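Asks: Below is one structure. I have some questions about it.
The values are calculated or read from the model by the stated rules, or taken from the named source; none is laboratory data. It should be emphasised that the depicted structure is a prediction, and the values quoted were computed from it without experimental measurement. Glycine also receives a Cβ, built like all others from the backbone with ideal geometry; neighbour counts cover every protein chain displayed.
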Amino acid sequence: MQQLLRTRASEETVAVRVADRAQSWREHIREAEQIASAILAMADTSRPMHVGTLLGNTPAMLGALAAGGLGGFTLCGINTSRRGAGLIRDIRIADVQILLVDDRHLPLLTGLPIGDVRVVNVDSGEWHRLVDRAGPLRPYRETTATDVFMLIFTSGTSGDPKAVQVSEMMVAIGGTMLADRLALSGRDVCYLPMPLFHSAAVIAGWATAVGAGATMVPAQFSASGFLADVRRYSVTYLHYVGTALAYILTTPERDDDADNPLRTAFGNEASDRDIADFGRRFGVDVTDGFGSTENGVIVTRVPGTPPGSIGQGLPGVAVFDSATVTECAAAEFDADGILVNPEHAVGELVNTTGRGFFTGYYNDPAAEADRMRHGMYWSGDLAYRDAGGWIYLAGRTADWMRVNGENLAAAPIERILRRHPAISQLAVYAVPDPHIGDQVMVALVLRPGEGITTRAFTDFLAAQSDLSPNAWPRWVRFPRELPATATNKIIKRQLIGERVTVGGEMLWQRAERGTSYADVAGRTPV
């Protein structure tokens with residue numbers, strides 16, 4: 001990124017726009033050099049050159065990203081939704097010696113044992129004076145492709161977050177390739193509402209804008225404020241993650257929604273229905289991909305990708321049985337589209353050639369060893385692949401369920417349930433069966449103003465010919481919202497921990513050997 005950022009140093013086009021403030025690329029790079037110089041002046045070079053950011057999506061965060069690239073030190077993106085012991089754990093694991101924080105997030109550190117970490121408030125007058133007085137930048141190092149640009153923590157949906165070492169090559173090449181793929185240029189305006197401490201926003205948001213020389217508009221995600229921002233800043237490119245599109249689609253639809261400058265959107269983990277609805281409603285070309293912070297397995301969505309599939313893997317990508325360490329059989333389907341051989345077809349997505357672009361976890365050898373087994377990279381994602389090579393996600397490895405002697409995966413059930421027009425978001429997961437194995441439970445969030453009855457839900461399930469009888473949910477709950485990470489990924493472990501003892505919500509139970517549902521909580525969905 002160091003070399004890429006330097007190419008923008010003389011450009012007068014707009015780099016950052018927030019409210020009424022506009023900063024050219026020349027000004028932005030100059031300020032980032034001063035920030036880097038100020039940081040290096042206070043750093044202890046005998047310690048790892050790790051600088052943490054506990055910042056929102058603000059010009060200060062954009063400045064820190066550019067400063068890290070230009071200064072040649074490693075930025076550590078600290079998740080702003082972490083609290084207490086979890087927050088301190090992440091800072092310590094990353095060996096942060098300087099922590100950049102803003103006024104909004106500074107109270108999160110109150111009373112915490114911060115140790116010898118130097119906390120710098122980027123909103124303070126003292127910091128601004130230090131930056132203004134900083135001398136010429138003398139980078140900590142001239143970076144190479146394999147140097148670590150940033151430590152980025154995984155989302156932590158299935159356990160403690162792990163600090164992934166993200167290389168200079170991954171950020172620079174990933175950003176420039178995506179900018180080229182989406183035909184972005186200096187005339188485009190990139191809207192960045194996803195957390196910039198996460199890899200997707202760094203690569204598909206920030207680095208893509210740098211690669212194109214486009215204008216960056218950092219923002220805190222707001223479903224209700226999305227369209228107003230698009231129009232205000234003449235946004236042409238949106239990066240999203242997870243259920244962001246679903247949230248936006250819950251806002252009231254207007255006849256003039258498509259009257260906006262937005263041209264293209266790129267992200268991952270949106271449902272097929274949300275992709276189609278978002279594209280139609282806002283007149284946007286939406287491209288959804290698959291990826292992880294580790295980037296050990298690469299699957300690309302190519303023309304002709306069937307509904308529900310994430311695409312085809314690069315050479316070496318396969319689906320393996322983790323117990324036998326052998327490749328799983330091709331998925332087979334009956335006339336109704338039901339997967340008939342899940343026990344033999346569903347396995348873990350792996351890279352048989354090795355680690356791919358995974359450069360390792362920082363300070364976590366046990367987790368890294370778990371990823372790199374038998375000379376292959378094991379992603380932790382369950383999947384199956386059909387005879388044509390198309391890959392379908394089946395959830396995480398914790399999403400296996402054993403129901404009435406049948407192995408089921410959560411993701412295929414979720415894809416079927418999403419067909420119901422009243423459902424906005426959902427999560428399928430296992431709860432223990434009192435006898436043996438598991439029962440299927442689903443948490444449903446309905447679209448605003450929508451309702452559903454037990455009879456209508458039963459009729460809907462019965463009409464889904466590709467839904468296995470064992471996949472019918474035994475329990476259905478209706479929370480107002482689903483627990484999610486800052487990157488809009490649903491935290492299933494919290495739902496699993498709550499099981500069926502949920503207060504204040506409608507809760508349905510299906511008869512043990514029947515198809516009808518009874519409301520066991522006496523509530524109605526809102």
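Asks: Scan D321, D285 and give me the residue that is in contact with a Gly (Cβ under 9 Å, 6 or more places away or on another chain), loosely packed, with under 15 Cβ neighbours inside 10 Å, free of Cβ contacts under 8 Å to residues at least 40 places away in the same chain and of a type in the set (D, E).
Replies: Answer to the selection: D285.
Asks: Then there is this: Do you know which residues across segment 111-120 are surrounded by 12 or more Cβ atoms within 10 Å (Cβ to Cβ) and closer than 18 Å to R83 by Cα? Walk me through it before giving the result.
Replies: So in segment 111-120, the residues surrounded by 12 or more Cβ atoms within 10 Å (Cβ to Cβ) come out as 112, 114, 117-120.
Across segment 111-120, the qualifying residues are L112, I114, V117, V119.
Asks: Continuing with this model, one more query. When you go through R181, R187, R129 one by one, which is the residue that is assigned by TED's automatic domain parsing to the domain that holds V18, surrounded by fewer than 22 Cβ atoms within 10 Å (Cβ to Cβ) and more than 30 Å from E481 (Cβ to Cβ)? Lay out the reasoning, then the answer.
Replies: Working: R181 fails: assigned by TED's automatic domain parsing to the domain that holds V18; R187 fails: assigned by TED's automatic domain parsing to the domain that holds V18.
None of the other options fit; the residue is R129.
Asks: Pick from P139, P113: which is assigned to a loop (DSSP other than H, G, I, E, B), in contact with a helix residue (DSSP H, G or I) (Cβ under 7 Å, 6 or more places away or on another chain), in contact (Cβ under 8 Å) with a residue 24 or more places away in the chain and under 27 Å from T215 (Cα atoms)?
Replies: Numbers: P113 fails: under 27 Å from T215 (Cα atoms).
After ruling out the rest, the residue left standing is P139.
Asks: From the list R493, R499, exactly one residue is surrounded by fewer than 20 Cβ atoms within 10 Å (Cβ to Cβ), of a type in the set (K, R) and under 21 Å from the mean Cα position of the chain (by Cα). Which is it? Walk me through how you get there before you give the answer.
Replies: Values: R499 fails: under 21 Å from the mean Cα position of the chain (by Cα).
Going through R493, R499 in turn, just one is surrounded by fewer than 20 Cβ atoms within 10 Å (Cβ to Cβ), of a type in the set (K, R) and under 21 Å from the mean Cα position of the chain (by Cα): R493.
Asks: Then there is this: Check segment 425-441 and report whether any residue there is surrounded by fewer than 21 Cβ atoms within 10 Å (Cβ to Cβ), under 21 Å from A345 (Cβ atoms), of a type in the set (V, I, T) and modelled with pLDDT under 95.
Replies: no
Asks: Regarding segment 38-49, can at least one residue be identified that is closer than 20 Å to T215 by Cβ and within 28 Å of the chain's Cα centre (by Cα)?
Replies: Of the residues in segment 38-49, the ones closer than 20 Å to T215 by Cβ are none.
Checking segment 38-49: not a single residue is closer than 20 Å to T215 by Cβ and within 28 Å of the chain's Cα centre (by Cα).
Asks: Now for a different question. If I filter segment 355-369 for residues that are aliphatic (A, V, I, L, M), over 21 Å from the mean Cα position of the chain (by Cα) and assigned to a strand (DSSP E or B), do I get at least one hit? Please lay out each step first, then the result.
Replies: Pass one, segment 355-369, residues aliphatic (A, V, I, L, M): 366-367, 369.
Then drop every residue that is not over 21 Å from the mean Cα position of the chain (by Cα), which leaves 366, 369.
Cutting the leftovers down to assigned to a strand (DSSP E or B) gives us none.
No.
Asks: Next question, about the same structure. With buried (at least 18 other Cβ atoms within 10 Å of the Cβ), at positive phi and modelled with pLDDT of 95 or more as the only criterion, which of G68, G63, G52, G72 stands out? Can you show your working first?
Replies: Numbers: G68 fails: at positive phi; G63 fails: at positive phi; G52 fails: at positive phi.
Criteria check complete, one pass: G72.
Asks: I've got another one for you. Looking only at strands (runs of 3 or more DSSP E) that lie completely in segment 218-304, which have at least 1 residues being under 25 Å from L446 (Cα atoms) and of a type in the set (D, E)?
Replies: Those strands (runs of 3 or more DSSP E) span 285-289.
Asks: Report, ordered by the first and then the second residue, all pairs with beta carbons closer than 9 Å, sequence separation of six or more or different chains, a first member in segment 427-455 that is under 17 Å from M506 (Cβ atoms), and a second member that is in a loop (DSSP other than H, G, I, E, B) and of a type in the set (G, A, S).
Replies: Going by the 9 Å Cβ cut-off, the qualifying pairs are L444/A422; L446/A422; R447/A422; E450/A422; G451/A422; I452/A422; T454/S516; R455/S516.
Asks: State the number of residues belonging to segment 210-234 that are of a type in the set (A, V, I, L, M) and free of Cβ contacts under 8 Å to residues at least 24 places away in the same chain. Lay out the reasoning, then the answer.
Replies: Here is the first cut: in segment 210-234, the ones of a type in the set (A, V, I, L, M) are 210, 212, 214, 216-217, 219, 223, 227-228, 230.
Going one step further and asking which of them are free of Cβ contacts under 8 Å to residues at least 24 places away in the same chain, we end up with 228.
Within segment 210-234, residues that are of a type in the set (A, V, I, L, M) and free of Cβ contacts under 8 Å to residues at least 24 places away in the same chain number 1.
Asks: With the requirement that a residue be touching a helix residue (DSSP H, G or I) at 6+ places or on another chain (Cβ under 9 Å) and either under 13 Å from Q425 (Cβ atoms) or part of a strand (DSSP E or B) (or both), what does segment 469-486 give you? Working first, answer last.
Replies: Kept after step one, since they are touching a helix residue (DSSP H, G or I) at 6+ places or on another chain (Cβ under 9 Å), are these residues of segment 469-486: 471-473, 476-477, 479, 482-483.
V476, R477, P479, L482, P483, listed by residue number.
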